[in-house]
Amino acid sequence: MKGTKAQSLRYQVEKWLGPATPVHVTAFGHTRSGRGRYVCVETCLPAGPHALFFFRHHDGYWNVFPPVADTEQQHVRRTGTYGG
């Protein structure tokens with residue numbers, strides 16, 4: 001089981017980009033379904049600029065992938081069907 005620290009957006013940003021990497025929040029808001037939140041952070045690494053989107057899940061954890069319900073809705077919107 002993950003601890004409370006693992007839930008934080010700061011923890012996830014540091015996990016993916018490193019603790020000493022300066023980042024800027026460039027976008028935030030609700031997902032299209034309106035049930036989730038997202039944040040986009042950008043940083044400049046030696047390889048060039050990088051941006052990552054983080055999505056808050058119903059359990060309170062932040063991840064780099066959207067919650068399943070939002071993913072399913074995006075699939076239905078694109079194809080008109082689900083599961084195929």
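The numbers here are math on the coordinates, done by the rules we state, and not lab data. What you see is a predicted model, and the numbers here were worked out from it, not measured in a lab. Every residue, glycine as well, gets a Cβ built from its backbone with ideal geometry; the counts of neighbours run over all protein chains shown.
Hey, does the range 54-65 have a residue that's touching a helix residue (DSSP H, G or I) at 6+ places or on another chain (Cβ under 6 Å), hydroxyl-bearing (Ser, Thr, Tyr) and under 14 Å from Tyr11 (Cα atoms)?
Checked the range 54-65: at least one residue is touching a helix residue (DSSP H, G or I) at 6+ places or on another chain (Cβ under 6 Å), hydroxyl-bearing (Ser, Thr, Tyr) and under 14 Å from Tyr11 (Cα atoms).
How many residues are at negative phi, of a type outside the set (Phe, Trp, Tyr) and in a strand (DSSP E or B) if we restrict to the range 26-46?
If we filter the range 26-46 for residues that are at negative phi, which is where we start, we get 26-28, 30-33, 35-46.
Right, trim to of a type outside the set (Phe, Trp, Tyr) and you get 26-27, 30-33, 35-37, 39-46.
So of that shortlist, the ones also in a strand (DSSP E or B) come out as 26-27, 30, 37, 39-45.
Matching residues across the range 26-46 total 11.
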